[in-house]
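**Student:** One structure follows; several queries about it will come next.
The values are calculated or read from the model by the stated rules, or taken from the named source; none is laboratory data. Bear in mind the structure is a predicted one, so any value in this text is a computation, not a measurement. No Cβ is skipped: glycine too gets one built from the backbone with ideal geometry, and neighbour counts run over all protein chains shown. Please note that ligands, DNA and RNA were not included when accessible areas were found on the heavy atoms of the full protein model with its side chains. Shrake-Rupley method; radii C 1.70, N 1.55, O 1.52, S 1.80 Å.
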Amino acid sequence: MNNNTFVHKYIRPLIKKTDTVVDMTAGNGNDTLFLSGLAGEVLAFDISPEAIRRSKEKLKDTDNVQFINDNHIHLDRYLKKKIRLFLFNLGYLPNSDETRITKAKETLIAFKKAYDFLEDRGYIVITFYIGHKGGKEEYYLLKDYIEEKRLHICETYRQYKIDAPITYIIRKDQFNTSL
Ligand SMILES: C[S@@+](CC[C@H](N)C(=O)[O-])C[C@H]1O[C@@H](n2cnc3c(N)ncnc32)[C@H](O)[C@@H]1O
């Protein structure tokens, strides 16, 4: 099973129609479409106008998604309430501009802000592509931070292949309500 299949399987039972969730990297809109079928409301960020265009096209028959063409480090400018789940699917838009890739330091900023917006027992699901340029640095920066802060890691997932992507499922619990 690839990481996307794992992620969808894991989060399906976690989200209700009353929840607000955030796709931090809309890309081609596959994850956004999945989240839109589960949650009451979805916010979907992407820094790339092409990604927002592709995602809007994919979600043209839905009415519960707000698209935000901005760097996800600015999420606090847009969020008005607590969030049930943030989904980060890092890297770049397939078949597009590979320079618009997530960057380690920015991803850490976005992760910290996302954690603050999580409701109690809310989730951050994050997939790292360590085979991409800068992907290993991004993974180790976030991994070290998660371990240093002793965040609750519910699950990690990785296929048995060289440079396979790595997924972390993090839950905010009562011992770690703020960073
Ligand atoms: C692997 S793709 C996401 C795939 C997507 N979840 C899907 O289901 O198709 C990663 C996306 O992150 C976007 N991205 C990179 N840096 C970003 C940033 N700082 N803020 C928001 N989006 C960013 C890229 O433009 C790209 O579309």
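**Student:** Would you mind listing how long segment 1-133 runs along its three principal axes, going by Cα atoms, in whole Å with the largest first?
**Tutor:** 36, 34, 32
**Student:** Moving on. Quick one: Karplus J couplings for segment 146-152, per residue in order, coefficients 6.51, -1.76, 1.60, θ = phi - 60°, nearest Hz, x for Gly and Pro?
**Tutor:** So the Karplus estimates, Gly and Pro as x, are 4, 6, 4, 7, 6, 5, 7 Hz.
**Student:** Just for segment 36-179, what percent of DSSP beta bridges are antiparallel, to the closest 5?
**Tutor:** 50
**Student:** Need the list of aspartates and glutamates near LYS80 for cross-linking: C-alpha distance under 14 angstrom, and skip anything on the same chain fewer than eight residues off.
**Tutor:** Result set, ordered by chain and number: ASP19, GLU41, ASP116, GLU119.
**Student:** When ranked by the protection proxy of mean other Cβ atoms within 10 Å per residue, highest first, what sequence do the peptides 65-74, 154-163 form?
**Tutor:** Highest mean packing first, the order is 65-74, 154-163.
**Student:** Leaving out ligands, DNA and RNA, what percent of the accessible area of the chain is carbon and sulfur, probe 1.4 Å?
**Tutor:** Answer for the chain is 49 percent, counting heavy atoms of protein chains only.
**Student:** Simple spin-label model, 7 Å along Cα-to-Cβ: ASN30 to HIS74 in nm?
**Tutor:** Going by the 7 Å Cα→Cβ label model, 2.8 nm.
**Student:** Now a separate question. For TYR145 paired with GLU98, estimate the spin-label separation in nm (one decimal), with each label point 7 Å from Cα along the Cα-to-Cβ line.
**Tutor:** So the two model labels end up 2.5 nm from each other.
**Student:** While we're on this one: At a 10 angstrom cut-off on C-beta neighbours, averaged per residue, how do the peptides 128-141, 78-91 rank from highest to lowest?
**Tutor:** 78-91, 128-141
**Student:** Sorted by mean Cβ packing within 10 Å, highest first, what order do the peptides 164-174, 94-104 take?
**Tutor:** 164-174, 94-104
**Student:** Quick one: dipole size for segment 45-179, taken about the Cα centre, charges +1 on Lys/Arg Cβ and -1 on Asp/Glu Cβ, in debye to the nearest 20.
**Tutor:** That gives a dipole near 200 debye.
**Student:** Related question: Along the charge dipole of segment 1-120, Cβ charges K/R +1 and D/E -1, which of VAL65, PHE88, LEU14 sits furthest on the positive end?
**Tutor:** Comparing the listed Cα positions along the dipole, LEU14 ranks first.
**Student:** While we're on this one: Tell me, what is the Rg over Rh of segment 53-127, with Rh the Kirkwood radius over Cα pairs?
**Tutor:** Computed over Cα atoms, the ratio is 0.97.
**Student:** Using only the alpha carbon atoms of segment 36-85, find the Kirkwood hydrodynamic radius as the inverse mean reciprocal pair distance, in angstroms to one decimal. Can you show the working numbers first?
**Tutor:** On the way: mean 1/r = 0.0860 Å⁻¹.
Roughly 11.6 Å, rounded to one decimal.
**Student:** Follow-up. Once you list every other residue whose beta carbon is under 15 Å from the beta carbon of LYS17, what net charge do they have if Lys and Arg are +1 and Asp and Glu are -1?
**Tutor:** 0
**Student:** Can you tell me the length gained on complete extension of the stretch GLU106 to LYS17, counting 0.36 nm per residue apart and subtracting the Cα distance?
**Tutor:** On the way: separation 89, 0.36 × 89 = 32.04 nm, distance 3.04 nm.
Length gained, GLU106 through LYS17: 29.0 nm.
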